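Everything below concerns the one structure shown next.
The values are calculated or read from the model by the stated rules, or taken from the named source; none is laboratory data. Owing to the predicted nature of the structure, the values given are computational and were not obtained by experimental measurement. Every residue, glycine among them, receives a Cβ derived from its backbone with ideal geometry; neighbour counts consider all protein chains shown. Note: areas computed on protein heavy atoms with side chains; ligands, DNA, RNA excluded. Shrake-Rupley method; radii C 1.70, N 1.55, O 1.52, S 1.80 Å.
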Amino acid sequence: MYFIDVILPLPLQRLFTYKINRAEADFLQIGMRVAVPFGKSKIYTGIVYQIHQNSPKAYDAKDIHQILDKAPLVSKAQLTHWEWIADYYMCSLGEVLRAGLPSAFLLQSETRVVLNQKFEDESLLDDKEFLIFEALQYQSILTIDKISAILSRKTVLPIIKGLLNKGVIQVHEVLYEKYIPKVVKYIRLSKPWASEDQLQELLEKLQRAPRQKEVVLQYFQAKAITGKPVAFSAFVKEYHLSSAAVKSLVEKGIFEWYTLQEDRVKMNQSSKEIPKLSDLQEEALGKIESEFKQKEVCLLYGVTGSGKTEIYTHLIQKVLQQGRQVLYLVPEIALTTQLINRLEFFFGEQIAVFHSRYSMNERIEAWQNILQNKKKAQLIVGARSALFLPFANLGLVIIDEEHETSYKQMSPAPRYHARDAAIVLARQMQAKVVLGTATPSIESYQNVIGHKFAMVELPERYGKSLLPEVALINLSETYKRKQMKGHFSEMLLESIQESLVNKEQVILFQNRRGFSPMVECTSCGISPQCPNCDVSLTYHKFTDELRCHYCGFTAPMPQLCPACKNPTLDTIGFGTEQLELEVKELFPKAKVARMDFDTTRGKYSYHRIISAFQAQEIDILVGTQMLSKGLDFSNVALVGVMNADTMLNYPDFRAHERSFQMLVQVSGRAGRSDKRGKVLIQTFNPYHQILQQVTLNDYQSMFNEQMQERWQYKYPPYYRLIKIQLSHADYQRVNSAADWLGQSLKNYFNEWVLGPSSPAIGRIRNKYIKDIMIKIPPELSIRKVKKQVQQVKNHFQSIAPYRSIRFSIDVDTY
């Protein structure tokens with residue numbers, strides 16, 4: 001008797017064992033997918049983890065439903081890395097599997113409802129049940145989605161259960177495939193006419209059919225020019241031919257159809273040589289290669305505009321020449337657009353792209369190409385999810401803008417940090433890592449000081465261009481002197497006008513989307529709140545609605561105050577939408593665009609906005625933090641930060657570090673060509689230490705100051721953090737559970753447990769939230785701490801009233 005242990009895409013801390021026969025045991029390999037029954041009727045896709053002959057003791061193993069692959073879909077190296085993620089970030093392998101594998105690979109069964117022909121007594125049915133019964137008279141099979149549509153409601157399972165109990169219906173589970181390969185129709189000459197000797201005879205035969213004769217002649221021309229197979233639709237379109245004439249030739253047996261499977265995403269061929277480096281860049285490249293002989297990780301610390309990407313391209317070229325793959329991680333999908341345009345010139349068809357804006361089918365094709373180590377998947381560019389891909393022979397990992405918080409997955413599990421997980425992946429695959437940034441994270445810089453990482457510096461901009469001039473505008477003074485126009489100081493307005501006159505571009509930065517973050521009644525002080533979350537609704541003027549940015553709830557903007565019925569509702573604060581409208585009023589002749597979450601929802605939205613700005617079709621670009629991340633625009637002369645104080649006053653121990661990084665990064669978008677750029681930062685507190693450090697680009701002072709504070713208040717990198725979050729719809733239950741959990745943890749960790757406490761927003765999606773923070777001193781073993789936390793969690797989940805409470809753990813929650 002043979003058995004397999006299977007990883008299922010479920011948040012369960014264990015593997016499940018299934019029975020297989022000898023033939024299946026000989027065929028199956030670790031990493032293959034199998035469809036297995038789970039529970040009473042469901043079928044899930046699992047990954048084979050182990051093949052053995054040890055039967056489970058606690059239950060009888062079920063047979064597998066079917067084998068889904070001919071070869072492993074997940075490599076052993078991947079499984080090793082996934083195990084590390086599950087162990088370190090305290091989640092299940094199933095949660096890592098669900099995050100790592102494109103959803104189309106995880107085939108799930110679909111519930112199909114059919115009528116029981118023996119049922120006759122319709123009087124037993126209520127109105128809703130009768131509707132389903134009647135629908136099954138006309139349609140033999142109904143899915144759950146169709147039943148929801150018929151009843152116009154989402155929750156239909158109680159009704160289906162009632163019909164099952166009354167013997168009206170039968171339920172079946174059917175496994176269905178989500179991935180649809182792209183198939184392209186081609187034409188070719190059929191065998192009797194394929195030889196050159198037959199060409200003259202063929203043309204004579206078509207003498208009386210001039211359109212068909214033209215198709216044949218154009219076919220030969222297309223073959224001669226490209227030397228490639230002729231795709232039917234492209235051929236007809238390019239040569240302005242009649243598709244009916246082509247079909248007639250197929251019917252006559254002169255042409256024949258055939259199909260080929262193709263990838264949906266194709267790169268152009270490389271068209272340029274990689275440019276030579278400057279002396280400073282050449283020196284940095286040599287140092288990185290020298291450091292790689294001793295250390296696996298090198299921090300490339302170069303000021304904004306110093307040409308880090310050019311150094312990356314030379315490193316990539318050398319690794320590709322060794323026949324190894326390269327992973328290039330970027331923090332934001334917006335960055336992939338401009339980056340791919342640059343890399344495509346040098347590496348062309350070797351590039352594969354993987355991120356969530358690509359369709360499910362496109363991601364599956366990229367996965368298969370990387371797994372098979374194809375030539376068109378040697379340089380993989382992607383956001384943090386690209387970390388889970390099945391690399392065959394990884395040689396280099398580049399983590400651009402390594403300081404970015406976007407690399408941290410906040411929810412759902414696994415709550416991993418892509419930078420840290422990528423370093424572990426590289427170590428497992430004996431690859432090297434380059435961390436690139438102009439503002440290193442405090443953890444990475446501390447690792448350099450502690451000799452864990454190497455560091456190479458690029459202190460000057462490429463081409464000797466100067467760093468931008470940074471000036472602070474005191475809003476307190478400008479408001480007192482009445483030198484403000486809307487949210488713009490006179491100095492900022494004059495600088496924008498000057499840039500527009502000089503045909504230069506402007507970036508305006510406000511890290512808050514929407515028109516206004518809050519609406520308030522000036523009569524009674526009431527502010528419209530989200531019914532599902534403890535947060536005020538944000539006003540979006542374009543759609544004239546109030547919207548919750550946490551749960552998505554929307555409501556029309558009321559004309560009267562809902563409490564006192566007075567028409568005195570007013571907006572408080574401003575976001576990018578209001579800023580865009582103000583700019584259009586102040587500069588009516590300028591072309592203005594906005595780049596935030598609301599304007600970049602579509603697949604090609606980033607590309608459209610970035611390309612238009614790069615082509616200088618946009619004069620002023622208003623945006624959120626998306627604009628601060630590594631984008632390169634040569635004609636930007638001015639960057640305006642509308643309000644720096646909101647970032648500085650955020651209740652987080654990393655607020656000052658992140659403010660420094662974001663302000664330096666957004667400042668770095670200015671003056672990237674010959675002319676020196678200008679950065680104007682509006683603030684009510686121009687004497688704030690962080691803002692002074694930004695004006696001087698003084699990273700070292702910021703680092704020293706932050707390290708001193710973190711040692712004093714016991715925060716990372718000196719102390720580690722684990723955050724536990726409980727959430728439930730019942731406030732009393734989550735409160736008592738948090739008290740019990742806090743006391744249990746204090747029995748182990750004493751004063752190192754903070755909380756339980758409610759976060760800044762204590763209710764989201766009608767779930768009340770309680771947080772508990774554990775600080776881990778340097779002398780404590782993090783492995784032992786995690787083991788004790790897991791024991792407390794197991795005990796917590798064994799208490800009946802607490803089982804329904806959502807329990808999430810976030811290791812290194814920063």
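With +1 on each Lys and Arg Cβ and -1 on each Asp and Glu Cβ, how big is the dipole of segment 482-587 about its Cα centre, in debye rounded to the nearest 20?
Computed about the Cα centre, the dipole is about 180 debye.
Add +1 for every Lys or Arg and -1 for every Asp or Glu among the other residues with Cβ under 12 Å from the Cβ of Ile772, and state the total.
Charge balance near Ile772 sits at +2.
Could you pull out every one of the lysines with an alpha carbon less than 28 Å from that of Lys746, ignoring same-chain neighbours closer than 8 positions?
Qualifying lysines at Cα under 28 Å: Lys408, Lys714, Lys723, Lys767, Lys770, Lys775, Lys784, Lys786, Lys787, Lys793.
Taking the radius of gyration and the Kirkwood hydrodynamic radius from Cα positions alone, what is the Rg/Rh ratio for segment 333-463, to two decimal places?
Result: Rg/Rh = 0.96.
What spacing in nm lies between the two simple spin-label points modelled at Arg188 and Met1, each 7 Å away from Cα in the Cβ direction?
5.3 nm
Return one whole number: the accessible area per residue of the chain in Å², for a 1.4 Å probe.
On a per-residue basis, 48 Å².
Have a look at Asn649, Leu663, Gln614 and report the one farthest towards the positive end of the charge dipole of segment 593-666, computed about the Cα centre with Cβ charges (Lys/Arg +1, Asp/Glu -1).
With unit charges placed on the Cβ atoms, the residue in question is Gln614.
Mind sorting out which of [x] 100, 71, 61; [y] 112, 63, 48; [z] 86, 75, 67 is the real Cα extents along the principal axes in Å computed from the coordinates?
[z]
Which entries of Lys591/Lys678; Lys272/Lys376; Lys629/Lys678; Lys237/Lys272 show an alpha-carbon separation above 27 angstrom in the structure shown? If you can, show how the numbers build up before the last one.
Values: Lys591/Lys678 20 Å; Lys272/Lys376 18 Å; Lys629/Lys678 18 Å; Lys237/Lys272 30 Å.
Violating the 27 Å Cα-Cα cut-off are Lys237/Lys272.
Which residues' amide hydrogens lie under 5 Å from the amide hydrogen of Phe255, considering only partners 5 or more residues apart or on another chain, with H built in the peptide plane?
Amide H to amide H, under 5 Å and 5 or more residues apart or across chains, Phe255 pairs with Ser190, Val250.
Within 10 Å, count the other beta carbons around each residue, average over each peptide in 484-494, 646-656, 427-437, and list them highest first. Please list the in-between numbers first.
Numbers: 484-494: 17.1, 646-656: 14.6, 427-437: 20.5.
Put in order of decreasing packing, that is 427-437, 484-494, 646-656.
Using a Förster radius of 41 Å, what is the FRET efficiency between His795 and Ser527 based on their Cβ-Cβ separation? Nearest 0.05, please.
In this case the efficiency is close to 0.45.
Taking the DSSP beta bridges in the chain as the whole, what percent of them are antiparallel, to the nearest 5?
Taking every DSSP beta bridge within the chain, about 60 percent pair in antiparallel fashion.
Find which of Ser411, Phe488, Pro468 sits farthest along the positive direction of the dipole of segment 406-519, computed with +1 on the beta-carbon of Lys and Arg, -1 on that of Asp and Glu, about the Cα centre.
Ser411
If packing is taken as the average count of other Cβ atoms within 10 Å, what order do 348-356, 747-755 fall into, highest mean first? Spell out each step's value before the answer.
On the way: 348-356: 20.1, 747-755: 14.4.
Sorting 348-356, 747-755 by mean packing, highest first, produces 348-356, 747-755.
Testing the spin-label approximation: label points 7 Å from Cα along Cα→Cβ at Lys452 and Gln207. State their distance in nm.
If labels sit at Lys452 and Gln207, their model points lie 8.5 nm apart.
How many angstrom lie between the Cα centre of segment 556-596 and the Cα centre of segment 1-77?
Value for the Cα centre distance between the two parts: 56 Å.
Defining a contact as two alpha carbons under 8 Å apart and six or more residues distant in sequence, what relative contact order in percent does the chain show?
10 percent
Given the Cα-Cα distance of Lys589 and Leu260 and 0.36 nm per residue of separation, how much length would full extension add, in nm?
Length gained between Lys589 and Leu260: 113.3 nm.
I'd like the isolated cysteines in the chain, meaning no second cysteine's beta-carbon lies under 4.7 angstrom from theirs.
Cys91, Cys298, Cys551
How high is the relative contact order of segment 146-247, in percent, with contacts defined as C-alpha pairs under 8 Å that are six or more residues apart? Before the final figure, lay out the partial values.
Values: 44 pairs, mean separation 23.5, N = 102.
Taking the mean separation of contacting Cα pairs over the length of segment 146-247, I get 23 percent.
With unit charges on the beta carbons (Lys and Arg positive, Asp and Glu negative) and the dipole taken about the Cα centre of the chain, which residue among Trp752, Ile51, Thr568 sits farthest to the positive side?
Result: Ile51, furthest along the dipole toward the positive end.
For Lys565, Lys375, give me the order by solvent-accessible area with a 1.4 Å probe, most accessible first, ignoring ligands, DNA and RNA.
The ranking, largest first, comes out as Lys375, Lys565.
Ignoring ligands, DNA and RNA, please state the percent of accessible area on segment 188-254 from carbon and sulfur, probe 1.4 Å.
Roughly 51 percent of what the probe reaches on segment 188-254 is carbon or sulfur.
Points 7 angstrom from Cα along the Cβ direction at Phe597 and Asp279: gap in nanometres?
Here the answer is 4.9 nm between the modelled labels.
Dipole of segment 633-676, Cα-centred, from +1 at each Lys and Arg C-beta and -1 at each Asp and Glu C-beta, to the nearest 20 debye?
220 debye
How high is the FRET efficiency from Ile150 to Thr554, r the C-beta distance, R0 25 Å, rounded to 0.05?
That gives a FRET efficiency of 0.40.
Just how large is the dipole of the chain about the Cα centre, in debye to the nearest 20, putting +1 at every Lys and Arg Cβ and -1 at every Asp and Glu Cβ?
1200 debye
Using mean Cβ contacts within 10 Å as the protection proxy, how do 704-717, 610-623, 225-238, 379-392 order, highest first?
So the peptides 704-717, 610-623, 225-238, 379-392, ranked by packing, come out 379-392, 610-623, 704-717, 225-238.
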